[in-house]
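Since every read-out is calculated from the coordinates, none of them should be taken as a lab result. The model shown is predicted, which means the values in this text are computed figures rather than measured ones. Note that we place each Cβ from the backbone using ideal geometry, even for glycine, and neighbour counts take in every protein chain shown.
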Amino acid sequence: MLYREAGQFKTSYAEDMAIFPIRQDRIALAVLLAIAFVGVPLLATFHIWPFRTDYLLWAILLPFLILALAAIGTNILVGYCGQISLGSGAFMAIGAYSAYKLATGVHIPLAWLGFAISIPPLPVLASILLGGFMAAGAGILFGIPSLRIKGLYLAVATLAAQFFFDWAFLRIPWFTNYAPSGSVNAPALDFFGMVVRTPVERYLLCLLFATVMAVLAKNLVRGNLGRQWMAIRDMDIAAELIGIRPLYAKLTAFAVSSFIIGVAGALWAFVYLGSWEPLAFSIDRSLELLFMVIIGGLGSIMGSFIGAAFILIAPIMLNVIPTELGLPLSTQTITHLQFIIFGSLICYLLIKEPHGFARLISIGKEKLRLWPFPY
Amino acid sequence: MRAPDTNEILLQVEGVALAFGGVKALRDVSFNVRKGEIRAIIGPNGAGKTSMLNVVNGFYHPNRGVITFKGRTRAKMQPFEAARGGIARTFQNVALFKGMSALDNIMAGRTLKVRRGLLWQMLRYGPALAEEAEHRRKVEEIIDFLEIETIRKVPVGRLPYGLQKRVELGRALAMEPDLLLLDEPMAGMNLEEKEDMSRFITDVNNHYGTAIALIEHDMAVVMDLSDRVAVLDHGVKIADGTPDEVKKSQAVIDAYLGVAH
Amino acid sequence: MIALGQFLEVLIGGLMSGVLYSLVALGFVLIFKASGVFNFAQGAMVLLAGLALVRALDLLVANGLPLWVAVVLAIGFAAVIMAATAWLIERFVIGPLVNQDGLTLFMSTIGVTFVIEGAAEMIFGSDVYPLRLFPTDAWFLFEGLFPGGILVNKLDVWGALIAGVLVAGLAVFFQRTKTGRALRAVADDHLAAHSVGIPISWIWFVVWLAAGLVALVAATVWGTKLGVQFSITFLALKALPVLIIGGLTSIPGAIVGGLIVGAGEKLAEAYLGPSIGGGIEYWFAFVLALAVLLVRPQGLFGERIIERI
């Protein structure tokens, strides 16, 4: 089938405003969703290639979906609103630990006031979503400096969040319910009586979260709020002069971004890791998310998925390909090579194509539309 | 040439002074803009024209003086408050959102008219979608009016200068302002582009009744377009009146020909 | 008296370790002043310089060269490596990104950080390499006044001396040399500087080289203190709050900021730490910087920026 839009006329603005105005794109997306929601679970349930083992689900698809979600959150702040963040890992941690506390029951003794705040254990879904809201609250708090300071200064403010919460979850035993090892275990994943246990169920749960939140995020960024964010990013003074309030635009970006990252953090802890310690959300995680966003495409929801896929698959390829060629590399060399490749790719993309792989794909599609003619 | 619809005063600037450190950009400037008129501010380079516009839309805060807009007096306000009051603005060096398409730039100008909040926009369903389509319809009117249909989805960073100026005008119009401030709308344009821009300006004024205050260096354009002209020199208003009156003013001739002060 | 003695010991120790942060911060300030680039890679450059130095030194000593010859040759080798790094960065990253906004430049230096870290460890190894260029034992001062005296590390004193010499050297370089003056011109307005015939790419190479050499100096002190190892890059992150507190464009600010951060975090750890769980050194500097940002965004010595449109 040729990639052509001739004959597809739009008769309303609503049609022109659709996410994928071209029919072939819609078909491709429908096929992709069908594979993701039906094909993969079927193959995995019956252990058919490439799902003979659970490796592909556990080691690639599950982390891919959750990190892509976190990358969407990071992209809203960095790519759409232009506010640099080196603290995404901390907001994942806030989501994870808040969800953990809420799912296991919160008890805050206020002895000097003569009473205590007690919240009984909440259902898992409520805990995860409220974890997102806690992260959003923290995001707003650490976003307040962004009203006075710009770009690079904000990097340091978000680093402050990163290091402070690293420390808090490590050293304040209340957060870990006084677990002697500092490591905590996720509660049973009970959703309205259905307990999520197997890798396939976990995969479907994360797929559902990722799909729904990606659509909602896409709606936001192509609506008025998204335009406000991009206006602030591109020229904040002019944005103010057309009536955009920097306070509102920036803090909503921080809130929405942190909410998504917080939910991703809760999923990472509950669904993927199962038991975890603060190290799971260190500054390395923050930088990793930033890389996904730059490589996939700043200011692109689709790019967040592409970036997450690349960052997860590259190290595996570095392991597999040389081994196949008979030149196996040591783990250390792979790590170093990975550093060099990610670093140089980032420099290259920032110079040549700041909108990342997502933009390269859309240029490719543009060429395809006109093919075989160059113009 | 067309007489202003009424003599009602829309904007009154009274005794405004502005200094950056020791540099006095404006000293005791007063002038007004009437409803529905085209008002030009002219003067040699460094006369304080842009500073004057910056004071009017709240980007600079004057050291002295008051500004009354639509009957409300204030000394200090934030730029977004000016925007909410109905003041729109274009810039000497185009200030568009470079990473966004022409359409999105103009849509961003609708921000103050958007009623549905974050949750509705996130769902983009029913009333929220209808609202978005309604804004899109209004914006498409502006796009038709400015004759930029073919470039609506092009990122503005890739557009030539003349078209960028038009998109910027479109963004200001999308705000449906009562007062439109244009800072050198024709700078760097060729004759044909200037004629187009002049036509857009008079059409906006005629069609929507928007009052326009513009800074321009091309005297032919100024004399042709404007109802009244104020002349600034070294931060002081040296003349004010109809184009004909200003042309005859000795102070203006001196300022432009460079008689020693 | 014991309490005062303890306080002084913590304070002096803090100030001295603050000097170490200042050494890294100086490299940041140099690059930011000259090109407006917020160089995330400064810590990685310290690691690279340290690894090049220590590996060359070990190799030369193992081959029987007298220590002082080996030290001179190893420092020369590390300097050449830093020069090559500066050239590569200017040629392939900063040069092509000229006129981009600060955010893009900053993110590109994060990319540079990863390339340097990966390449440095791949070439020179990724273990902990002890470096012994300076004495590491301690003096005990005022033993008559305080029981046990006040412990002061000799290495810290060396660090402070070196930092002083470095700052004086940089001041002379900026004020008295032709390149230094050209550099200040570029910092003010690189287009204008370009139009009067100052070769921009040469100037930027010089700046990155200078930052690389500052990194080398920092590496000698840090390496002696901790051994040359990967975690140096994390400690170097502490130079960021130092910059914020001192002001991004100020060389004295980098020194004073370093002292404040060093003394502040050691005192906080000693006096506040025990009551809230310890380890607050980990974040104290960053939270302090955050507070400074809210009160005085340009830092103690920074220039206030007026926005124009």
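Within 10 Å of each Cβ of B:118-126, how many other protein chain Cβ atoms are there on average? Walk me through the numbers before you get to the answer.
Values: counts 8, 2, 2, 9, 10, 5, 9, 1, 0.
That average works out to 5.
Quick one: compute the contact order of the stretch C:64-213, relative version, from alpha carbon pairs under 8 angstrom and 6+ residues apart, as a percent.
Numbers: 82 pairs, mean separation 41.9, N = 150.
About 28 percent, as a whole number.
With charges set only on the Cβ (+1 for Lys and Arg, -1 for Asp and Glu), what does the dipole of the protein assembly as shown come to about its Cα centre, in debye to the nearest 20?
Numbers: 73 positive and 68 negative charges, 105 e Å.
In debye, rounded to 20, the protein assembly as shown gives about 500.
Taking a ≥ b ≥ c as the square roots of the Cα gyration tensor eigenvalues, with a/c under 1.5 meaning rounded and otherwise prolate when a/b beats b/c, else oblate, which class fits chain C?
Values: a/c = 1.84, a/b = 1.24, b/c = 1.49.
Oblate, because a/c is 1.5 or more while a/b does not exceed b/c.
Does the stretch C:1-96 come out rounded, prolate or oblate, given a ≥ b ≥ c as the square roots of the eigenvalues of its C-alpha gyration tensor, rounded meaning a/c under 1.5 and, failing that, prolate meaning a/b above b/c?
Numbers: a/c = 3.84, a/b = 1.23, b/c = 3.13.
Note, shape of the stretch C:1-96 comes out oblate.
Counting pairs of alpha carbon atoms under 8 Å apart in space and at least six apart in sequence, what relative contact order in percent does chain A give? Don't skip to the answer; put the middle values down first.
Working: 537 pairs, mean separation 100.5, N = 375.
So the answer I get is 27 percent.
Taking only DSSP H segments of four or more residues, each worth -39500 (n - 2.57), what value at 222 nm results for chain C once the sum is divided by all its residues, to the nearest 500 deg cm²/dmol?
Values: 13 runs with 221 residues, N = 309.
For chain C, the value works out to -24000 deg cm²/dmol.
Between A:Ala34 and A:Leu141, what's the calculated FRET efficiency when r is the beta-carbon distance and R0 is 30 Å? Round to 0.05. If you can, show how the numbers build up before the last one.
Values: r = 42 Å, r/R0 = 1.40.
My answer for the efficiency is 0.10.
When the helix-only estimate is applied to chain A (DSSP H runs of n ≥ 4, each -39,500 (n - 2.57), divided by the residue count), what is the mean residue ellipticity at 222 nm, nearest 500 deg cm²/dmol? Write out the running numbers ahead of the final one.
Numbers: 15 runs with 231 residues, N = 375.
One gets -20500 deg cm²/dmol as the mean residue ellipticity at 222 nm.
Summing +1 for each Lys or Arg and -1 for each Asp or Glu, what net charge is found among the other residues whose Cβ lies under 13 Å from the Cβ of A:Gly303?
Working: positive: A:Lys218, A:Arg359; negative: A:Glu353.
My count for the surroundings of A:Gly303 gives +1.
Please label the shape of the stretch C:21-170 as rounded, prolate or oblate, based on the square roots a ≥ b ≥ c of the eigenvalues of the alpha-carbon gyration tensor (a/c under 1.5 means rounded; beyond that, a/b larger than b/c means prolate, else oblate).
oblate
Rank these for me by crowding, C:Val80, C:Val46, B:Val114, C:Val196, going from fewest to most other beta carbons within 10 Å. Before the final figure, lay out the partial values.
On the way: C:Val80 12, C:Val46 31, B:Val114 19, C:Val196 8.
Going from sparsest to densest Cβ surroundings: C:Val196, C:Val80, B:Val114, C:Val46.
In chain C, how many lysine pairs have Cα atoms under 28 Å apart, counting only pairs 8 or more places apart or on different chains?
Details: C:Lys33/C:Lys178; C:Lys33/C:Lys238; C:Lys154/C:Lys225; C:Lys154/C:Lys238; C:Lys154/C:Lys266; C:Lys225/C:Lys238; C:Lys225/C:Lys266; C:Lys238/C:Lys266.
Step by step, the pairs that qualify in chain C add up to 8.
Residue-wise, which Karplus ³J(HN,Hα) couplings in Hz belong to the stretch C:74-91, taking 6.51 cos²θ - 1.76 cosθ + 1.60, θ = phi - 60°, and x for glycine or proline?
In residue order, the calculated couplings are 5, 5, x, 4, 4, 4, 4, 4, 5, 5, 4, 4, 4, 5, 4, 5, 5, 5 Hz.
For labels at B:Glu149 and C:Ala138 in the simple 7 Å Cα→Cβ model, what's the distance in nm?
A separation of 8.2 nm, rounded to one decimal place.
Evaluate the Kirkwood expression for the hydrodynamic radius of the protein assembly as shown, namely the inverse of the mean inverse distance over all pairs of different C-alpha atoms, and round to one decimal in Å.
Numbers: mean 1/r = 0.0322 Å⁻¹.
After inverting the pairwise mean of 1/r, the radius is 31.1 Å.
For A:327-339, what's the mean count of beta carbons from other chains sitting within 10 Å of each residue's beta carbon? Numbers along the way, then the final one.
Values: counts 0, 0, 0, 0, 0, 4, 4, 0, 5, 9, 3, 2, 11.
The mean count of partner-chain Cβ atoms within 10 Å per residue comes to 3.
Sort A:Met194, C:Met107, B:Met175, A:Met292 so the one with the fewest other Cβ atoms within 10 Å of its own Cβ comes first.
Working: A:Met194 10, C:Met107 27, B:Met175 24, A:Met292 30.
Ascending Cβ contact count within 10 Å gives the list A:Met194, B:Met175, C:Met107, A:Met292.
In which sequence would C:Trp139, C:Trp283 go, from the one with the fewest C-beta neighbours within 10 Å to the one with the most?
On the way: C:Trp139 12, C:Trp283 22.
Least crowded to most crowded, the residues run C:Trp139, C:Trp283.
Sum -39500 (n - 2.57) across every DSSP H segment of at least 4 residues in chain B, then divide by the residue count to get the 222 nm mean residue ellipticity, nearest 500. Mind showing how you got there, number by number?
Numbers: 10 runs with 100 residues, N = 261.
Helix contribution divided over all residues of chain B: -11000 deg cm²/dmol.
How big is D, in µm² s⁻¹, for the stretch B:129-237 by Stokes-Einstein at 25 °C and 0.890 mPa s if Rh is the Kirkwood radius over C-alpha pairs? Please list the in-between numbers first.
Details: Rh = 15.2 Å.
Estimated diffusion coefficient is 162 µm²/s.
How well do other chains shield peptide B:87-100, expressed as the mean number of their Cβ atoms within 10 Å of each residue Cβ? Spell out each step's value before the answer.
Details: counts 2, 3, 4, 2, 5, 1, 1, 2, 8, 4, 10, 5, 12, 7.
Taking all residues of B:87-100 together, the mean is 5.
Please build a GNM for chain B, connecting alpha carbons under 10 Å apart, and tell me which residue among B:Thr202, B:Thr73, B:Thr210 fluctuates the most.
Among B:Thr202, B:Thr73, B:Thr210, the largest GNM mean-square fluctuation belongs to B:Thr73.
Using θ = phi - 60° and the Karplus curve 6.51 cos²θ - 1.76 cosθ + 1.60, what whole-Hz ³J(HN,Hα) does each residue of the stretch C:29-36 get, with Gly and Pro shown as x?
Each residue of the stretch C:29-36 in turn: 4, 3, 6, 5, 4, 7, 9, x Hz.
To the nearest 20 debye, what is the magnitude of the charge dipole of the stretch B:116-192 about its Cα centre, counting +1 on the Cβ of each Lys and Arg and -1 on the Cβ of each Asp and Glu?
Computed charge dipole of the stretch B:116-192: roughly 440 debye.
Normalising by the residue count of chain B, find the relative contact order in percent from Cα pairs under 8 Å and 6+ residues apart. Don't skip to the end; give the middle numbers.
Working: 455 pairs, mean separation 72.7, N = 261.
Computed over chain B, the figure is 28 percent.
Among DSSP beta bridges whose residues both lie in the protein assembly as shown, state the antiparallel percentage, nearest 5. Intermediate values should be presented prior to the final figure.
Values: 36 of 53 bridges.
The answer is about 70 percent antiparallel.
What does the highest-first list of B:46-53, A:354-361 look like by mean Cβ count within 10 Å?
The peptides rank, most packed first, as B:46-53, A:354-361.
Sort B:7-15, A:110-118 by packing, meaning the average of other beta carbons within 10 Å per residue, with the highest value first.
Numbers: B:7-15: 16.1, A:110-118: 8.3.
Descending packing order for the listed peptides: B:7-15, A:110-118.
What does the net charge come to around A:Arg23 if you take all other residues with beta carbon closer than 15 Å to its beta carbon, with K and R at +1 and D and E at -1? Don't skip to the end; give the middle numbers.
Values: positive: A:Arg4, A:Lys10, A:Arg26, A:Lys365, A:Arg369; negative: A:Glu5, A:Glu15, A:Asp16, A:Asp25.
Neighbourhood net charge equals +1.
Assuming R0 = 41 Å, what is the FRET efficiency of B:His207 and B:His234, from their Cβ-Cβ distance, to the nearest 0.05?
Details: r = 37 Å, r/R0 = 0.90.
Working from the Cβ atoms, E equals 0.65.
Based on Cα positions only, what radius of gyration and what Dmax would you give for the stretch A:13-103, in angstroms?
18.0, 48
What FRET efficiency comes out for C:Val165 versus C:Val80 if R0 is 22 angstrom and r is the Cβ-Cβ distance? Round to the nearest 0.05.
On the way: r = 22 Å, r/R0 = 0.99.
Calculated transfer efficiency: 0.50.
Please list C:173-179, B:164-170 highest first by mean number of surrounding beta-carbon atoms within 10 Å per residue. Could you put the intermediate results ahead of the total?
Numbers: C:173-179: 12.3, B:164-170: 24.6.
In descending order of packing, they fall as B:164-170, C:173-179.
Could you tell me which of the pairs B:Lys35/B:Lys247; A:Lys150/B:Lys24; B:Lys165/B:Lys194 are separated by over 18 angstrom between their Cα atoms in the structure shown?
On the way: B:Lys35/B:Lys247 24 Å; A:Lys150/B:Lys24 29 Å; B:Lys165/B:Lys194 11 Å.
Over 18 Å Cα-Cα: B:Lys35/B:Lys247; A:Lys150/B:Lys24.
Given charges of +1 on the Cβ of Lys and Arg and -1 on the Cβ of Asp and Glu, with all other atoms neutral, how large is the dipole of chain C about its Cα centre, in debye to the nearest 20?
Dipole size: approximately 680 debye.
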